[in-house]
1. Mind checking which pairs have a first residue in segment 166-179 that is in a loop (DSSP other than H, G, I, E, B) and a second that is open to solvent by 50 Å² or more (accessible area, probe 1.4 Å), Cβ under 6 Å, 6 or more apart or different chains?
2. Looking only at strands (runs of 3 or more DSSP E) that lie completely in segment 58-152, which have at least 2 residues being in contact (Cβ under 8 Å) with a residue 40 or more places away in the chain and within 14 Å of the chain's Cα centre (by Cα)?
3. Quick one: in segment 180-195, which of the residues that are touching a residue at least 12 places away in the same chain (Cβ under 8 Å) and more than 14 Å from the chain's Cα centre (by Cα) is surrounded by the most Cβ atoms within 10 Å (Cβ to Cβ)?
4. Identify, by number, the condition in (1) in contact with a Pro (Cβ under 6 Å, 6 or more places away or on another chain); (2) at positive phi; (3) open to solvent by 50 Å² or more (accessible area, probe 1.4 Å) that G109 doesn't meet.
5. Looking at V22 and the list (1) closer than 22 Å to T193 by Cβ; (2) part of a helix (DSSP H, G or I); (3) in contact with a strand residue (DSSP E or B) (Cβ under 6 Å, 6 or more places away or on another chain); (4) at pLDDT below 95, which single condition is not satisfied?
6. Looking at (1) over 21 Å from A130 (Cα atoms); (2) open to solvent by 50 Å² or more (accessible area, probe 1.4 Å), which one does E24 not meet, given that it meets all the others?
7. With the requirement that a residue be in contact with a helix residue (DSSP H, G or I) (Cβ under 8 Å, 6 or more places away or on another chain), open to solvent by 20 Å² or more (accessible area, probe 1.4 Å) and of a type in the set (F, W, Y), what does segment 58-101 give you?
8. If you go through segment 7-28 one residue at a time, how many are closer than 17 Å to P100 by Cα and free of Cβ contacts under 8 Å to residues at least 12 places away in the same chain?
Amino acid sequence: GELRELCERFEGRAAEIGATIVEELFLEPSARSLPSVTGEVGGVAGGEKYVHAQEGIFFKFAVDDAQLYGGDEHMMKAAGHELRSLVWLLESRVEGLHLPLTVLVDLRGYRLVAMPLLPLSPHSIVYGSADGGRSVHASLPAMNQRMRLAARSLNIGPSVAWTNDLSYSVELYGPLDLEGHLGADGRLYVIDTARLFPPCTPNPRLRNGYLYQLMRPELVQSNAVPLRSDAFSPWNIEQKEQWEEEAAACTARLLQRIIPEAAAWLDSAVPAVLVAPPPPC
């Protein structure tokens, strides 16, 4: 009904504005119809930021100008992780945990993440870190409880995260750079969810693989022990060696058991006529 119509209108308008952002990518910043606001809204991990104030839409353009990901394709993968994590958080059905309506816009080899402007501010954060670990928050029991419930449903365990200067620590469920906010409307919001699911053992040949080489939610849920989002990350996390050993063991289970078993099942399930070589001419 009305909710479906709202989602369709938002998706359509986000795609139209996103197309303009892509088309103007190589123009001088002063010539663009929508200027970048990256310097005004925080970090560079999400890419270039744009705001269409009239429509109330916030965009993150997945271009790796800061060279954090080793290429745009890896940053685009992280943008896909953000949407997937939001979907799984929604499916956890934790009452009182609000998530932004989010759309991926793929056009001409580029990807943008679009979401509504939310009633948040730099001072509304109550969970995680919005400044790269200089400060870390877990200050609101209502948010702490909801994040704990959501993470447990996904088999994600807690970790103790310290600030960059090691001045204090907090217990977090999820990655340090996920943000939880108490909005001006009194609602609890979660944003920046790209790294919610733990990383696989990173490929040393790839730059910062912990940002985008992430496990599928189904693999995490099937693991015998809860896994930690910040395994293999650069943050100051207690017991990191243990969390990384558990993530490595899960990665090995995927590569050495699950994938071979799935391949063997496919070999046995596909009729021989479909895999037999063609007859000679």
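The values are calculated or read from the model by the stated rules, or taken from the named source; none is laboratory data. As the structure is a computational prediction, the values presented were derived from the model and not from experiment. Cβ placement follows ideal geometry from the backbone for every residue including glycine, while neighbour counts extend to all protein chains displayed. Surface areas here come from the heavy atoms of the whole protein model, side chains and all, with no ligands, DNA or RNA. Shrake-Rupley method; radii C 1.70, N 1.55, O 1.52, S 1.80 Å.
1. L178/D192
2. On the way: elements: 103-107, 110-116, 125-128.
Ranges flagged: 110-116.
3. Here the residue is H181.
4. Exception for G109: condition (1).
5. All conditions pass for V22, except number (1).
6. Evaluating E24 over (1) over 21 Å from A130 (Cα atoms); (2) open to solvent by 50 Å² or more (accessible area, probe 1.4 Å) leaves (2) as the failure.
7. The one that is in contact with a helix residue (DSSP H, G or I) (Cβ under 8 Å, 6 or more places away or on another chain), open to solvent by 20 Å² or more (accessible area, probe 1.4 Å) and of a type in the set (F, W, Y): W88.
8. Taking segment 7-28 as the starting set, the residues that turn out to be closer than 17 Å to P100 by Cα are 7-15.
Now restrict to residues that are free of Cβ contacts under 8 Å to residues at least 12 places away in the same chain: 8-9, 12.
Qualifying residue count, segment 7-28: 3.
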